[in-house]
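Below: the structure, in structure tokens.
The values are calculated or read from the model by the stated rules, or taken from the named source; none is laboratory data. What you see is a predicted model, and the numbers here were worked out from it, not measured in a lab. So basically every Cβ, Gly included, is an ideal-geometry build from the backbone, and we count neighbours across all protein chains shown.
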Amino acid sequence: MGKASNNPGDQFHYIKNRIQMLNQVVSTMDPDQVDMNDFTRVLEMIQQLQVKMERFKKDWESES
């Protein structure tokens, strides 16, 4: 996926790519076959994305 940068445009591109990756993961899952491990994996991806977005938000606020 690549390393995130301090440039707001690059950061947004990074987030967009992560969301697309999350969508791909979820789209490939069969709702009738999902187990707790699948659920946990998706939850962890969402939490990691949230942490990254909070960091980027702080970066953007410090630039203002």
**Message:** Please count how many residues of segment 47-64 are among the aliphatic types (A, V, I, L, M) and surrounded by 13 or more Cβ atoms within 10 Å (Cβ to Cβ).
**Reply:** 2
**Message:** Return the pair list, or none, for Cβ contacts closer than 6 Å from residues in segment 7-25 that are closer than 19 Å to Glu63 by Cα to residues that are part of a helix (DSSP H, G or I), at least 6 apart or on different chains.
**Reply:** Pro8/Trp60; Gln11/Phe56
**Asked** Hey, among Leu49, Leu43, which residue is touching a residue at least 12 places away in the same chain (Cβ under 8 Å) and either assigned to a helix (DSSP H, G or I) or at negative phi (or both)?
**Response** Leu49
**Fill in**
Asp38 fails exactly one of (1) modelled with pLDDT of 95 or more; (2) at positive phi, namely (2)
**Asked** Which one of the conditions (1) surrounded by 10 or more Cβ atoms within 10 Å (Cβ to Cβ); (2) part of a helix (DSSP H, G or I) does Asn6 fail to meet, given that it meets all the rest?
**Response** (2)
**Item:** segment 29-46, residues that are surrounded by 10 or more Cβ atoms within 10 Å (Cβ to Cβ) and out of contact with any helix residue (DSSP H, G or I) (no Cβ under 8 Å at 6 or more places or on another chain)
**Value:** Val34, Asp38, Phe39, Thr40, Leu43, Glu44
